[in-house]
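Here's the structure, in structure tokens; my notes come after.
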Amino acid sequence: MHKNRICPICGSQERELIFEQNFAEIPGVTFLKGYDVVKCGTCGFYYADGIPEQHSFDAYYKDQSKYEDIVDTLSDANRIRFGQSLAFILDHVSKQGMNFQKMKIADIGCATGDFLRFLKEKGYCDLTGIDPSPACVNFLRTCGLTAKQAVVNELNGEERFDLIRLNMVLEHVVDLNGFMEHIKQELLPGGYLYVSVPYAEGFSQVDNCPFQEFSVEHINYFSAQSLRNFMNKYSFRLIGYNAVTDRASSQMEALFVLDDSSVALGSIEKDTSADGQMQEYLRKCKNLEQEVNKKLDQLAQSQEPVIVWGVGTHTLRQLVAGNLAKCNIQMFVDANPHYQNTKYQGIPVCSPKEINSGERIIVSSWHAQDAIIYYGREQLGLKNEFITLYDR
Ligand SMILES: [Zn+2]
């Protein structure tokens, strides 16, 4: 356990407590009891302190990946998103006089390899996917892609690439420095690194559950400057950057080039760019959580037997920090098979297919609220009444 995780960017032990996140421990769902969100007193980076070591996370992503949902065809939304991402890369790479079509490309933490499949359709050939999940790797192989099952610290630079993509990966990594040492070994001299991460400057503008950005998986909260500070340490020079913030998500993508010759790299600039947004985000989450607790309080008072659908971050937090814990819960359900066949305080966690009684169902998620109701009513034909916690 990292009781005092030093700042992954500057190594400082100075920190300021920003928020205490707590989770119920449901065996097989999460191994985290929570953590402290802190701000580095030296460089200003926001990160989670009081978290388990990297190997616990490695085992979790290997055995409990929730990114194994295989969808054979790429959705239109993905095609649009990937097209924009590809245009962003092409624009910057071609300015450097490089031919992206001929590059050796690796997507690390690729899940079901949607982006690689998109590139393959576009005629790119030298594509490799690397992921800890055996199910994801098997699927990539059936798609005719080269795939390797590994966590990053198992990579040894055997094969090196012109471009590595790290899409929504760095926010999950405890040992960021060990991780980057390995990533660097996997790149050819002058290679490119594409990174996308949640964008801390935009957290408060996204509609989501309270404190969802501090989830059971996200433990690093980058601003544009802190990402640059971190990459500078490893001689990655920023060549292009793009942040997208709207009500659905807040993300940034950035393209770096490995440039060991640059003397300007390695410097860390104190970062205050996300401070205002972070405070605003905490305020917004506290208000929203109060509203949710008011709704749950009525159910807690009546002690009506209920089913809770969803055992993600929202439920794990509510069970220790909200009024859900006071409700008369008969059963939890979750569609993710990795989360089923376990218990929390004697209450079973089951597949939604096992719902066979008429209790009302609390939809314990913001993001999946509509999808849960649709699935329950249309696919399972449930007649139970659904109780939603959010006006969307
Ligand atoms: Zn720092």
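When the chain is treated as a GNM with alpha-carbon contacts under 10 Å, the residue of 361, 373, 347 showing the greatest mean-square fluctuation is 347. Cysteine residues of the chain whose Cβ has no partner cysteine Cβ closer than 4.7 Å: 110, 125, 136, 143, 209, 285, 327, 350. Note that the stretch 302-388, at 4 °C in a medium of 1.567 mPa s, gets a Stokes-Einstein diffusion coefficient of 101 µm²/s from its Kirkwood radius over C-alpha pairs. Here's the picture: charge each Lys and Arg Cβ at +1 and each Asp and Glu Cβ at -1 in the chain, and of 43, 6, 355 the one pushed furthest to the positive end of that dipole is 355. Across all directions, the average flat footprint of the convex hull enclosing the Cα atoms of the chain is 18.9 nm².
Only lysines eight or more places from residue 353 in sequence, or on another chain, were considered; those with a Cα closer than 16 Å are 383. When the listed pairs 295/326; 62/122; 233/270 are checked against a 23 Å cut-off, the alpha-carbon distance exceeds it for 62/122. Taking the DSSP bridge list for the chain and keeping only pairs wholly inside it, about 50 percent are antiparallel. For the residues 99, 177, 328, a GNM of the chain with alpha-carbon springs under 10 Å puts the largest fluctuation on 99. Calculated on C-alpha atoms, the gyration radius of the stretch 198-327 divided by its Kirkwood radius gives an Rg/Rh of 1.14. Counted by neighbouring Cβ atoms within 10 Å, the residues 249, 364 run from fewest to most as 249, 364.
The spread of Cα positions in the stretch 1-128, taken along each principal axis and listed from longest to shortest, comes to 48, 37, 25 Å. Considering helices alone, the calculated mean residue ellipticity of the chain at 222 nm is -9000 deg cm²/dmol, with DSSP H runs of length four and up weighted by -39500 (n - 2.57) and normalised per residue.
So what's the net charge close to residue 343: Lys and Arg +1, Asp and Glu -1, counting the other residues with Cβ under 14 Å from its Cβ? Residues close to residue 343 contribute a combined charge of -3.
Within the stretch 121-272, the proportion of Cα pairs with more than 23 Å between them is 43 percent.
Taking the fewest neighbouring Cβ atoms within 10 Å as the starting point, the ordered list for 43, 143, 110 is 143, 43, 110. Between the C-alpha center of the stretch 272-322 and that of the stretch 150-165 there is a gap of 39 Å. Each of 207, 391, 36 was scored by other Cβ atoms within 10 Å of its Cβ. Arranged with the fewest first, they read 391, 207, 36. Of 284, 95, 62, which is the most mobile in a GNM of the chain whose springs link Cα atoms less than 10 angstrom apart? Evaluated over the chain, the most mobile residue of the options is 95.
Under 13 Å of direct C-alpha separation, and excluding same-chain neighbours fewer than eight residues apart, residue 102 reaches these aspartates and glutamates: 126, 162.
Quick note: the coordinates plus some simple rules give every number you see, no bench work behind them. Note that the coordinates shown come from a computational prediction; the quantities given were computed from them, not determined experimentally. Reconstructed Cβ throughout: ideal geometry from the backbone, glycine too, with neighbour counts over all protein chains shown.
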